[in-house]
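Below is one structure, written out as structure tokens; the observations come after it.
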Amino acid sequence: MNANQLINMVIRMVTRRLINKGVNTGIDIAARKGRQVEDMTPEQQKEAQKARDLAKRGRKTMRIGKRLF
């Protein structure tokens, strides 16, 4: 492995982590519908948690689908 390959590998790893963090943050904001957690009622917090769980299940399903095809 040469230096160029190592640099590219590190850049891909860092980029993948940043993109995943951004996607997860976006899903969390969408689940909360832009509201702060402190301003939400317990019922709204449960609804937001269900939305996050649904997104998590969707990501798992996509991962399984990638393996099959």
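The values are calculated or read from the model by the stated rules, or taken from the named source; none is laboratory data. Bear in mind that the values here come from a model prediction, so they are computed numbers and not experimental data. Note that each Cβ is placed from the backbone with ideal geometry, even for glycine, and that neighbours are counted across all protein chains shown. Side chains included, ligands, DNA and RNA excluded: accessible areas come from the protein's heavy atoms. Shrake-Rupley method; radii C 1.70, N 1.55, O 1.52, S 1.80 Å.
Just a few scattered comments:
- Scanning the range 16-69 for residues that are in contact with a helix residue (DSSP H, G or I) (Cβ under 8 Å, 6 or more places away or on another chain) and not in a helix (DSSP H, G or I), we see that the one that is modelled with the highest pLDDT is M40.
- Test: residue in the range 47-67 that is over 21 Å from the mean Cα position of the chain (by Cα) and surrounded by 10 or more Cβ atoms within 10 Å (Cβ to Cβ): no
- Index of the failed condition, Q5 passing every other in (1) loosely packed, with under 10 Cβ neighbours inside 10 Å; (2) part of a loop (DSSP other than H, G, I, E, B): (2)
- Flag for Q36 being over 13 Å from the mean Cα position of the chain (by Cα) and either open to solvent by less than 90 Å² (accessible area, probe 1.4 Å) or touching a residue at least 60 places away in the same chain (Cβ under 8 Å) (or both): no
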